[in-house]
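A quick write-up on the structure given underneath.
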């Protein structure tokens, strides 16, 4: 990876964690997530005229991803309602890379090399450590843990579906614009 790609990935991670922390604090989560989706709808429709329209073979992935993203939002809201952010977020985010690795190997025939596998294992172990640290002195809330794990599975599912969809679309920006529009609607 180039330094620019590494910086982009790290910026995306910080941005994503920040919006999740903000989303956790929103009292009316349904209204908050509806506003977030509405913003995505506006951005997607604003981008659409300037990017290539996704090829027909990408639309099943795009529509499936929109459904998976909505399920992810519902599961994330449940995770935030049931559990502490310091536990729910690391469990959800720590589950996803491991599951994505397995799903990508099975469905996209992408098997990580030793260094990538070590990075994935280290990332998952670190996030698991953060989640376990939040449990110290407290009895585990199994409903909250289950919701966070389900959230991680939803993240993994839409990640793999989007990866396959972008490849089928002929235009990554077109896929993203239309996903945001369809999902936002």
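Laboratory data are not the source of any read-out in this text; all were calculated from the coordinates shown. Just so we're clear, the structure is a prediction, and the values are computed from it rather than from any experiment. Note that we place each Cβ from the backbone using ideal geometry, even for glycine, and neighbour counts take in every protein chain shown.
Points worth noting:
- Where labels lie 7 Å past Cα in the beta-carbon direction, separation of residue 17 and residue 115 in nm: 2.3
- Alpha-carbon spread of the stretch 28-184, three principal axes, descending order, Å: 54, 44, 20
- For the chain, built as a Gaussian network whose Cα springs stay under 10 Å, the top-fluctuating residue of 111, 161, 102: 111
- Largest mean-square fluctuation among 63, 11, 122, in a Gaussian network model of the chain whose springs join Cα atoms under 10 Å apart, belongs to 11.
- Virtual paramagnetic centre 7 Å along Cα→Cβ of residue 173, amide N under 15 Å, in the stretch 49-93: 49-54
- Site pair residue 122 and residue 107 shows an inter-label distance of 2.8 nm when each label is modelled 7 Å from Cα along Cα→Cβ.
- Separation of the stretch 5-47 and the stretch 103-179, taken as the distance between their Cα centroids, equals 17 angstrom.
- Of all the options 117, 96, 48, the one that moves most in a Gaussian network model of the chain with Cα springs shorter than 10 angstrom is 117.
- Take every pair of alpha-carbon atoms less than 8 Å apart whose residues are at least six positions apart; their mean separation over the length of the stretch 28-184 yields a relative contact order of 53 percent.
- The chain: calculated mean residue ellipticity at 222 nm from DSSP helix runs of at least 4, using -39500 (n - 2.57): -28500 deg cm²/dmol
- Spin-label model, residue 146/residue 30: points 7 Å from Cα along the beta carbon direction are separated by 2.2 nm.
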